[in-house]
1. Averaged per residue, what accessible area in Å² does region 201-325 show with a 1.4 Å probe, protein chains only?
2. Looking at this model, which pairs from 212/319; 269/319; 212/267; 306/350; 267/306; 212/340 are more than 27 angstrom apart at the alpha-carbon?
3. With a 1.4 Å probe and every protein chain left in place, tell me how much accessible area residue 178 has, in Å² to the nearest 10.
4. Which cross-chain or sequence-distant (5 or more) residues have an amide H under 5 Å from the amide H of residue 145, H modelled 1.01 Å from N in plane?
5. For region 226-352, give the percent of accessible area contributed by carbon and sulfur heavy atoms, probe 1.4 Å, rounded to a whole number.
6. Top to bottom by accessible area (1.4 Å), largest first, where do 296, 283 land?
7. Provide the per-residue ³J(HN,Hα) series for region 278-288, in order, calculated from phi with Karplus coefficients 6.51, -1.76, 1.60 and θ = phi - 60°, each as a whole number of Hz, with x at glycine and proline positions.
8. I need the Debye-formula profile for region 279-335: one equal scatterer per C-alpha, no solvent, reported as log10 I(q)/I(0) at q = 0.31 1/Å, two decimals.
Amino acid sequence: MPGKYYGAPVTTDSVIDRREPTGVSDELPIIFQSCSSFVRNLEMLPPRVTTEVSVQGDAAKSIFKEISMELNHLLKAGFGRRGFLSGSSLLLTGALFGATEEAKAKTPPVAEPPDAVPQEKQDKNALLADLVTANHILQDQGVVDGYGHVSVRNPANPNHFFISRWLAPDLVTVNDIVELDYDCVPANGDTRKLYSERWIHAEIYRVRPDVKSIVHTHAPTVVLMGTINEPLLPIYHMGGFLGTGLPVFDIRKSFGMTNMLINDAAKGKALAQTLGDKPGALMRGHGGITVGNSIMHSVGRSVYLKINAEMHLQAGNRKIETLSPEEAHQAEAGNQEFPKDWDLWSRMVKKS
Ligand SMILES: [Zn+2]
């Protein structure tokens, strides 16, 4: 009974105050809080002590991230709520009991991720290779499924952008990339079938010269956040770009009854207008978008949009102490490219 489960919030500064729990079991936030608290406590130790336990601290962070990923996979695998919680509890128990021994056994990683290459300095081949990788990452991270897409502005011709032809993202290769102008006309006469929602990209690029890349997602938790009339605020630093919340595009307000898709220029313009100068938007009954100043930026934001939405919903009726606007601003200043995430996510899709 979603309407009852997600009670209307009362927002006071950074706090979303909810009604008392309705008795629905929800252990997951406790698991996340426990892990976060464990890592945070390590980080708060004096410098001398922190140095002595630094390997354990890094290992704990790594394990926490692995747990999050495993939980995502369990969710994606369709575990029921109770089954999902049982699985996650087992994972957590095993991870915590094994943490110390694993930290001793593992040597610290020595490879640093490569520095990010600014998009305007990439040659076309490297840019298109990143766009292909982005398609695979987004599918692997659960941001897109058979639908959803990512594009990048052409640095050599800023009125054009690159995007895959109509294809499931995990199948995209460099030969599937097409170049479109603001009217969604292929630059090279390509006649292959295109995404009906390519107008999302064209009309945002047209009015946002700062935007170099766009992701469109139908991730279930992002869809849900666009329907429950609650602000999606940053729960942790990686969601700092959410700031004071994202605008919600309601296609019905301007276009009445539709199939919900942004399948022409007028709808693309309306969405771009709702987006304004924000880093993303939710779309009622449909999904969401994130924009960025590079492929890594828009992809990173889309992944953390999804994770932040998952955490918001997992909190159920509990009070969420979100980042304040100033905390969000400062956190966002440190997350401009997500290079280490991009390196990790790229390796994950290249292994499989
Ligand atoms: Zn869509």
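1. I get 34 Å² per residue for this part.
2. Pairs exceeding 27 Å: 212/319; 269/319.
3. Solvent-accessible area, nearest 10 Å²: 0 Å².
4. 218
5. 53
6. Solvent-accessible surface, decreasing: 296, 283.
7. Each residue's phi maps through the Karplus curve to give 7, x, x, 8, 9, 10, 4, x, 8, x, x Hz.
8. The computed values of log10 I(q)/I(0) come out as -1.23.
The values are calculated or read from the model by the stated rules, or taken from the named source; none is laboratory data. Quantities reported herein were computed from a predicted structural model and do not represent experimental measurements. As a convention, Cβ positions derive from the backbone with ideal geometry for all residues, glycine included, and neighbour counts pool all protein chains shown. Please note that ligands, DNA and RNA were not included when accessible areas were found on the heavy atoms of the full protein model with its side chains. Shrake-Rupley method; radii C 1.70, N 1.55, O 1.52, S 1.80 Å.
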